[in-house]
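The values are calculated or read from the model by the stated rules, or taken from the named source; none is laboratory data. Since the structure is predicted, the reported quantities are computational estimates derived from the model, not experimental observations. Don't worry about glycine lacking a Cβ; one is built from the backbone with ideal geometry, like all the others, and counts go over all protein chains shown. Please note that ligands, DNA and RNA were not included when accessible areas were found on the heavy atoms of the full protein model with its side chains. Shrake-Rupley method; radii C 1.70, N 1.55, O 1.52, S 1.80 Å.
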Amino acid sequence: SLHFTIIIACTVCLLFAGETVTSRKEGRLYIINLILIMLISISATCTYGADWRQCLEEGDKLYTYRNHEGEEATSMQGAIKKYQEALAGVPKDKDNEKALSDIYLRLSRANFELAYYCLSDDDKVLQGYKDGIDYAGKAIDINNKNGEAYFWRGVSTGSYRDKKKVSGVGGLFGG
């Protein structure tokens, strides 16, 4: 689908290339608009055109890349975005329960690791842990025998509670 998007964007560029541009300023705006159209088309492929499996694979690549120094936060945030796009593309039916559970598990793990290793703002760290708890809970709702989901929910919950104690903010359930 990425190739299809590029072909469409190039076709649009060629169709409009024949129009006359009356000034340099207009010409620059025209080129900038064409570039923006192409970038938007290409970036939208995962959300709208690509198979959810492709988004999941791209998320896994970004997650794996998290160990490169200086790229931790960027790659983790990118992985989370791709996992969310994959989640949006998976049909929510019985046939895809394992896939949904796996994506929720990846989201739980990635949110925990982003909060634990990459973030310093207390509110963002707490939100990352909370997201990790929520996604693990959704994985457990689908498959209550998923030990890894229980692990990530437990790690996220413990870290959330520890951070709340250190920062002096109320408990997990508003206390």
Which of the trypsin sites (Lys or Arg not before Pro) across the range 46-149 are loop residues per DSSP, with 14 or fewer other Cβ within 10 Å? Lys92, Lys145
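In the range 49-175, carbon and sulfur make up what percent of the accessible area (probe 1.4 Å)? Kindly include the intermediate steps, with their values, before the conclusion.
Values: 3420 of 7060 Å².
Accessible surface attributable to carbon and sulfur in the range 49-175 totals 48 percent.
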Cross-link candidates for Lys163: which lysines have Cα within less than 24 Å, leaving aside residues fewer than 8 places away along the same chain? Lys124, Lys130, Lys138
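Just how large is the dipole of the range 78-175 about the Cα centre, in debye to the nearest 20, putting +1 at every Lys and Arg Cβ and -1 at every Asp and Glu Cβ?
Working: 16 positive and 14 negative charges, 32 e Å.
It works out to roughly 160 debye.
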Anchor Lys82: lysines whose Cα lies under 16 Å away (excluding residues fewer than 8 positions away in-chain): Lys61
